[in-house]
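Q: The structure follows.
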């Protein structure tokens, strides 16, 4: 079957699934008989068992039925209002949507049941390069240590999946990982944060500011956008109760809701009537201009950035626990702690590891400590 024929078949299947129970059953029977063997072959080439591919299809069938309003009583209002748009999106390449959906189901199952043993290496091998290209497509090869950023993003994604914070609807798991990469860039310091804000401003500005009526001044749009980005910066770099920001939806959706909530107050602040055109541009977002330095927003335990003490002692580990923790550490965390133990200052560590700034060292240490603490808790729970 050619790509064109497959797309046309997909559109017919979407219509059948939406029509009635009998047509829906027939449509899914067609998918199982004619498309599932291809899915199994492709999943097998990627290293996934046949049985997992079949279970993945079952999961994506529930997802498609939900998107198409099969259970209206439990369906979100935004899906009811956008049903035609959702059907068009699914029908644009239904085969591809199902294939990605099956893979997403396998990856999420592995993260939930096996701590990401297979899924995390798979996502690093197959997705890291494409995400880096998207983030840096309008610039040279990233100078920042993007692999470190990506590994932190994977940890964030795994946590969201484990806590059932991600309920896949229209968007594939890759999109949620991309969001985690943007958040990790912001966490890593001003230099990398500038890259994240550049991407958001370049690619999402029109969508995010569309929440503001067209008759309003562009100045109001720009001011609201800048203030929302400033609030977002503080929310990421100054976690509430020292807890990292874990979203329950797409980052773009989260920021859109923030724009919608901020707009009335910003309009009132600017004097109520803001009809007109005025300036159409907003300047580039610079993280350092968000009033508060990320260094000041770190937890109190890291206020003394130049401390040369052995930070391992703060974990109160037994010798056997320490050996297990060292074995569990990522290479980047291991290097950082070794240089800490040698008494190097943060500026020296940054030069030694070719980090872009001292802020990156501090944020990296904070993340490594959080990963170690989570591992220790899991380890001690298993011993009980």
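Each value in this text was obtained by applying a stated rule to the coordinates, not by laboratory testing. Since the structure is predicted, the reported quantities are computational estimates derived from the model, not experimental observations. With ideal geometry, Cβ positions are generated from the backbone for all residues, glycine too; neighbour counts draw on all protein chains shown.
Q: Evaluate the distance, in nm, between pseudo-label points positioned 7 Å from the Cα of residue 204 and of residue 26 along their respective Cα→Cβ axes.
A: 4.3 nm
Q: Which length gain, in nm to one decimal place, applies between residue 46 and residue 88 when the Cα-Cα distance is subtracted from 0.36 nm times their residue separation?
A: My answer for the length gained is 12.2 nm.
Q: If neighbour count is taken as other Cβ atoms inside 10 Å, put 334, 252, 367 in order from fewest to most. All intermediate terms of the calculation are to be shown ahead of the outcome.
A: Numbers: 334 15, 252 18, 367 23.
Ascending number of Cβ neighbours within 10 Å: 334, 252, 367.
Q: How much length is gained on full extension from residue 34 to residue 238, taking 0.36 nm per residue of separation minus their Cα-Cα distance? Don't skip to the end; give the middle numbers.
A: Details: separation 204, 0.36 × 204 = 73.44 nm, distance 5.14 nm.
Extending this stretch completely gives an extra 68.3 nm.
Q: Among 48, 127, which comes first, then next, by fewest other beta-carbon atoms within 10 Å?
A: Details: 48 22, 127 17.
Fewest-to-most ranking of 48, 127: 127, 48.
Q: Determine, for 176, 114, 360, 165, the number of other Cβ atoms within 10 Å of each Cβ, and report the residues in order from fewest to most. Each step should come with its number before you reach the end.
A: On the way: 176 22, 114 11, 360 25, 165 14.
So the ranking, lowest neighbour count to highest, is 114, 165, 176, 360.
Q: Quick one: if the Förster radius is 25 Å, what FRET efficiency do residue 170 and residue 374 give, using the C-beta to C-beta distance and rounding to 0.05? Write down the numbers at each step before the final one.
A: Values: r = 31 Å, r/R0 = 1.24.
My answer for the efficiency is 0.20.
Q: Another question, if that's okay. What distance in nm separates the simple spin-label points at residue 354 and residue 323, each placed 7 Å from Cα in the Cβ direction?
A: With each label placed 7 Å out from Cα toward Cβ, I get 3.4 nm.
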